[in-house]
Every structure is written in structure tokens, then in C-alpha cells.
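Contents: one structure, followed by commentary.
The values are calculated or read from the model by the stated rules, or taken from the named source; none is laboratory data. It should be emphasised that the depicted structure is a prediction, and the values quoted were computed from it without experimental measurement. Virtual Cβ from ideal backbone geometry, glycine too; neighbours counted across all protein chains shown. Only protein heavy atoms, including side chains, enter the accessible area calculation; ligands, DNA and RNA are left aside. Shrake-Rupley method; radii C 1.70, N 1.55, O 1.52, S 1.80 Å.
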Amino acid sequence: MATRRGMSNDNIALLRWLARSAETGAAVLREGRLSCTTGRIRTLCKQTSEWRWIAGPHAHTRYADVKALLVQEGSALLATTHGIRTIRFETGNCAFELRLERLRTARGEAVVVVAHDVTGQVREELERLRDRETRLHEQRMHAMGVVASGVAHDLNHALNVIALRIARLRADPGLRSQIDSLESIARRVEEAAGTVARLQDLARRRRDRPSESVDLSAVLLGAVEMARSDFDRPGPRVDIHADVPPLPLVRGTAAELAHLFSDLLLNARDAMPEGGAIEVRAREGRSGIVVTVKDEGRGISEEQLPRVFDPFFSTSETRETGLALSIAYGLMQRLGGSISAANRAGGGSAFTLEFPLASRSARRAAEQRAETGRRLRVLLVDDEPDNLEVLQELLAVEGHEAETAASGRAALDLVASGRRYDLVLCDIGMPEMSGWQVVRELQQHDPELPIYLLTGWANEIGEHDPRLRGVRGVLAKPLDLDELRAVLATSGPPPSPPANHEHATMAS
């Protein structure tokens, strides 16, 4: 029931609640001054923390305090023809939605401001956004992985034929005068194979983990020195401060880690178009080595952080491809480590990398590769005639006898006919019967037969893949001849023991 003065008891109770509310505040702005402020607004005015837009066209706008925010935004509303404006700002760990509405009074125009704490709502929205981005990220990576896997396989197949042909030509005494040219071509093939491997890193398809041990300190300091030399040119000055003590060995290869650090340093430089300092620090942690690369740029917005490792995503106008961070993420996953991005409290971004330590058990010594040169009978299984032909020729040059089968079924028929082999090299991607199926069939026939798989997908097969049961190993295309020679040296029957006169006498 309304009173004669036009104000009901319910309305009075509502105004009193508004004045005491911990989440909602109200005020009136007239002629650049605040009045009729409620408790929540007065509490916010006492704080000195910076206010900023959460998102939108003015995401970089900053206000020193809430009073400056309300006065400027209210004055801006009065200068327009709009009657209502709703915006979101954040300060510290809190977020507020501000509703500003023009009000005509007898004393002229004013702005009524209602501020509501929406911190919980904003956090829920960000969480939903992160979940959505995660799902989209997985879908994008799956699609890219399928494409990258097919491209990598085809390129590795072509590179394998070229590499083996080069190896065959290098073994020809009549081409000694061309050895330098052949070596140059071989190096180009190796570089192309490395590019294909980075393509698989980009698509998160690689599963192999390098067994090599590498001096992380030396690689990191080398990348820093190269970056300093590259940054020493006209333009805004970029300094690199490195704190890298001697550290234990980590798993990886020097070449791929050098690429990784160089890309991170370039990314840090590009984040500071006006110049600044890059801080590189490495320390031994509880479970491995921790490396941080920090810059003094603008940092990465909260909505972009979940996507910073996506392919073709970049926060810098100077980087065209946006592939470096995605490749870094794929590499760190494959090494068994991790990489993460965050914003620095004082401005700029920080990338943190965690590397697992190298295994203490050393690899088999290289002398195993040079064991007695036994002549082996090798069965080659591949549906590509070029691969069969050149690998058969190469094995003959190495002193071995090779027989070929153009399909899995043909290989099984040869073994079933009673032919004996010391080693089987079988391709995986074949029509009708894959290499995995051939392995299962051969194992049933002869469980002791040494079988190695040859494939352009070797990098995508994890070391603990259950399908590897019964397989001695996986050789990657393009084929590494030293690795092949090591396989040949450790395959086949053991050499016959030397004749013993005492045993001979006893036998007689």
C-alpha cells in the first residue's frame, strides 16, 4: 500500500537493502561529482587498485580508481545520445558490471550508476570458455594430425628411396670423384627428414622419445649467443640476460633443442617491438631441469592464453605463421616434459619449460655395430618396388643376401615354403595385409625370428605401443644406414665357436 507521499514500505526496504548490499552499489553522477553513494560504492572508492575493461574495444583502458572510472564513463555517456550503457570492469581478483543510465532532473541531466559484483559469473564464463577452447583445440589438432601423418609418410617414403640410392652410389668405386656432391645431397635429404619430423611435432603426432643425452646448458647458451648476434642490428635495443649454470644431461637432441630455444627467443623479441630485456634462467628442479624465458612485452590476454600453443595462432603482428610455439609444445610433450605460458606481474609474458633428466643407463656402445661381419639371409617385405630394389642392392653391397616380397601374403608364403631367414625387414603401411598382421603371422610360425618394421610413421609409434610385442624394433624412413648396420650386426645366429682340440679328442 503506497503512502500519501508516494513511497511504499517495500520500496523503502529495497533502498535500505541497496545501501547495505555487499554485492550491489549505486551512485548518482552530476556535473562530474558523485552523490547519493551507497555503502558498496563508498567502499570501492577507498580502494586504490587499478580498474580495467575485461574485454572489448577498450581492453587496454586503465583507471587509477573507481571514482575516476565512474566520472569519466558517466561524462562520456552524457556526451552521447545514448541513454543506457552496460560495461564490465575488473580490479584485482574482482569483476563488476556497471550499468549507467541518463536521468533528467529539475537541476539538469545526471547519470545513475548501479555496480554489481559479477566475479563468480565471470569465472564460470571463463571456465566454460576454456572448456570450449580445449575441445576445439583437440578437434583442430586431430584434423591436423591426420593430414600431417599422411604427408609425413609419403615424404618419408620418397626421401627413403633417395637416401638409399645416394648410399648405393657412394659405394660405387667409379663415382669417387662425385663423392662431395653425393655427400651434399645426402645432407639435404637429412635436413628434409628433420623438417618432416617437425611437422609431426606440430601436429602432436610424434611418439618417439630420443634416447640421446644432451648438455642442455651448452645448447641453451649457444642459442642465447646466436640470438644476441641476430638482435645486434639497427632498431629498438633488445638485451638478453642469461643465468644458466652447468646442469645434468637431459633427454633430447642438440639440433631440436637449439631450434626450440631459438624460436622462444625470437618470440620474446617480437613481443617487444619497442625493445626491452629478455631473461633466460635455468635451474635443476625436483624432477628435472626448469628453464624460463621472460620478456617485457604487453603479455598475453587471458582469453588468448588457452590458445597460445595452437597452430597458426600468434599474439604478435610481426610473426606471420604462429607455428613456433605449437612446434615447441609438440616437442616438449614428446620429450616427456612440458611447456606453459603465463603473464608476469610487472608486465610481459613468461614461458616455463620442464625437461626430464636423461637416463643413467648408457646406450649400447657403437662397437656392437662393428661386430663380426656375418653374411645374413634377409627377407624384405614392402609393396613399393623402388624400396625393395634399392634396399636389396644396398644389402648386397654390405655382403648380405636379400630376398624380396611385394606383399605380406607373399612373405608368409616364402616362410611357409621352408625358406629360412636370419632377419625380416617389413614395411607397415601395405594394402590387404599390414605389417602388424605380418608380424603376428610370422611369430606364430617362428617365435624366434628377428623382425624389424620399416615405416615412414616410425615417429608416431610410442616405445610402449602394445603392437610392438614380438618386434625387435622400428626403423624410420628415410633409413639411417648406421642404424641398419647395427641391426645387421646383432641379428642372425651367433658365430661358431673356435675349434677346441680337447673337445675333439673327447668326442672321438
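Ordered by residue, what ³J(HN,Hα) values in Hz, to whole numbers, does region 232-249 give under the Karplus form 6.51 cos²θ - 1.76 cosθ + 1.60, where θ = phi - 60° and Gly and Pro are x?
Karplus values, whole Hz, x for Gly and Pro: 7, 8, x, x, x, 7, 10, 9, 10, 9, 10, 10, 10, x, x, 10, x, 6.
Taking only protein heavy atoms and a 1.4 Å probe, what accessible area per residue, in Å², does region 48-113 have with all protein chains in place? Walk me through the numbers before you get to the answer.
On the way: 3710 Å² over 66 residues.
Per residue, region 48-113 has an accessible area of 56 Å².
Could you name the lysines whose alpha carbon sits less than 30 Å from that of Lys67, not counting residues in the same chain fewer than 8 places away?
List returned: Lys46.
How large is ³J(HN,Hα) for each residue in region 265-271, as worked out from phi by the Karplus curve 6.51 cos²θ - 1.76 cosθ + 1.60 (θ = phi - 60°), to whole Hz, x for Gly and Pro?
Karplus values, whole Hz, x for Gly and Pro: 5, 5, 4, 5, 4, 5, 6.
Skipping prolines and chain starts, which residues have an amide H placed within reach, meaning under 5 Å, of the one on Ala242, given they are 5 or more residues away or on another chain?
Result for Ala242 returns Val280.
So what J values fall out for region 47-53 if you push phi through Karplus, 6.51 cos²θ - 1.76 cosθ + 1.60 with θ = phi - 60°, rounded to Hz, Gly and Pro as x?
Going residue by residue, I get 7, 10, 6, 6, 10, 8, 5 Hz, with x marking Gly and Pro.
With Cβ to Cβ distances under 13 Å as the rule, what net charge do the other residues near Arg237 carry (K, R +1; D, E -1)? Show your work: numbers first, answer last.
Numbers: positive: Arg228, Arg233, Arg269; negative: Asp232, Asp239, Glu274, Glu296.
So the environment of Arg237 carries a net charge of -1.
Show me 406-419, 443-456 ranked by packing, highest mean number of other Cβ atoms within 10 Å first.
On the way: 406-419: 15.2, 443-456: 16.8.
Top of the packing list down: 443-456, 406-419.
Roughly speaking, what is the centre-to-centre gap between region 400-444 and region 252-276 when only Cα atoms are used, to the nearest Å?
46
For region 25-53 and region 110-126, what is the separation of their C-alpha centers, rounded to whole Å?
So the separation of the two Cα centres works out to 14 Å.
Considering only DSSP states other than H, G, I, E and B, which trypsin sites (Lys or Arg not before Pro) in region 106-188 qualify as loop sites with at most 15 other Cβ atoms within 10 Å?
Working: sites: Arg107, Arg123, Arg128, Arg130, Arg132, Arg135, Arg140, Arg165, Arg168, Arg170, Arg176, Arg187, Arg188; in loops: Arg107.
Answer by residue number: Arg107.
Using modelled amide H (1.01 Å from N, peptide plane; none on Pro or chain starts), what sits under 5 Å from the amide H of Arg344, excluding residues fewer than 5 places away?
Close amide H contacts, sequence-distant or interchain: Ser349, Ala350.
Using amide H atoms built in the peptide plane, which far-off residues or other-chain residues are under 5 Å from Ala95 H to H?
Sorted by chain and number, the residues that satisfy this are Val118, Thr119.
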